[in-house]
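Visitor: Provided herewith is a single structure, encoded as structure tokens, for subsequent inquiry.
Each reported figure results from applying straightforward, stated rules to the coordinates on display, with no laboratory input. Not measured: the values here are computed from a predicted model. Neighbour counts run over all protein chains shown; Cβ positions are idealised from the backbone, glycine included.
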Amino acid sequence: MWDFFETVRHRHSVRSYQKDLPVEKEKLHAILETACSAPSAGDLQAYKIIVVNNPEKRQSLAAAAQDQSFIAEAPVCLVFCSEPIRSEEKYGARGRELYAIQDTTIAAAYAQLAIVAAGMASTWVGFFDEIKVRDVIELEATLIPIAILALGYPAELPDPTTRRRLDDIVSYLD
């Protein structure tokens, strides 16, 4: 088991998955539990997670995401959807427009790290046709799809990408 920093360093976007290696139910459950342990505004957890195992639905998700075929090849996809009304009830417009999205993306980020800790890989997809994704997963009108995580056991690991230097990103106010 890696420590947290090793887990973060080993997270890469993977677009090729082993076809004959399904995601174990126990590991998927642990990933979902980790996502749901993420912090959220007012502990409201203003999101829903849709698990897509069905190959035809994953193919339709790939088509809705401008034909990103790896979505269909992954054995599981998680669609993270914000629930703005849940945040709006407590926090008004800022809850609806920001906190629900933050809650959803934090949960998805926790899921990505849990996927790595479970010995798998994923890719975060935000480039998709929202209406088509809604149709594929039969999403209720009060929810908004924010991100798709394609996940499974990697068939290959990409080379690490270069990252911006820390001093290009971080400023200190003393």
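Visitor: Mean residue ellipticity at 222 nm from the helices of the chain, using -39,500 (n - 2.57) per DSSP H segment of n ≥ 4 over the full residue count, to the nearest 500 deg cm²/dmol?
Guide: Values: 8 runs with 73 residues, N = 174.
Computed ellipticity for the chain at 222 nm equals -12000 deg cm²/dmol.
Visitor: Could the peptides 155-166, 101-112, 132-143 be put in order, highest first, of the mean number of other beta-carbon atoms found within 10 Å of their residues? The partial results should precede the final answer.
Guide: Details: 155-166: 9.0, 101-112: 21.8, 132-143: 16.1.
Output ranking for 155-166, 101-112, 132-143: 101-112, 132-143, 155-166.
Visitor: Per 0.36 nm of contour for each residue apart, how much would the distance between Arg94 and Glu33 grow if the chain were fully extended, relative to their Cα-Cα spacing? Display every interim value, and only then the final one.
Guide: Numbers: separation 61, 0.36 × 61 = 21.96 nm, distance 2.68 nm.
So the extension gain works out to 19.3 nm.
Visitor: Order 45-57, 24-36 from most to least packed using the mean count of other Cβ atoms within 10 Å. Write down the numbers at each step before the final one.
Guide: Numbers: 45-57: 17.6, 24-36: 15.7.
Going by the mean number of other Cβ atoms within 10 Å, highest first, we get 45-57, 24-36.
Visitor: Full extension from Glu24 to Leu173: what is 0.36 nm times the residue separation minus their Cα-Cα distance, to one decimal in nm? Mind showing how you got there, number by number?
Guide: Numbers: separation 149, 0.36 × 149 = 53.64 nm, distance 4.65 nm.
Result for the pair: 49.0 nm of gain on full extension.
Visitor: If you project the alpha carbons of the range 39-148 onto their three principal axes, what span does each projection cover, largest first, in Å?
Guide: 40, 32, 19
Visitor: Taking only pairs that are 8 or more places apart or on different chains, how many Lys pairs in the chain have Cα atoms under 22 angstrom apart?
Guide: The number of close lysine pairs in the chain is 10.
Visitor: Net charge within 14 Å of Phe127 by Cβ-Cβ distance, Lys/Arg positive one each and Asp/Glu negative one each, not counting Phe127 itself? Show your work: numbers first, answer last.
Guide: Values: positive: Arg15, Lys132; negative: Asp67, Asp129, Glu130.
Taking every other residue near Phe127 into account, the sum is -1.
Visitor: With only alpha-carbon pairs counted, each pair once and no self-pairs, how large is the Kirkwood hydrodynamic radius of the range 95-163 in angstroms? It would help to have the intermediate numbers written out before the result.
Guide: Details: mean 1/r = 0.0719 Å⁻¹.
For the range 95-163, the Kirkwood estimate is 13.9 Å.
Visitor: Quote to one decimal, in nm, the extra length available between Ala141 and Glu6 on full extension: 0.36 nm per residue of separation minus the C-alpha distance between them.
Guide: Numbers: separation 135, 0.36 × 135 = 48.60 nm, distance 3.94 nm.
Taking 0.36 nm per residue and subtracting the Cα distance, the gain is 44.7 nm.
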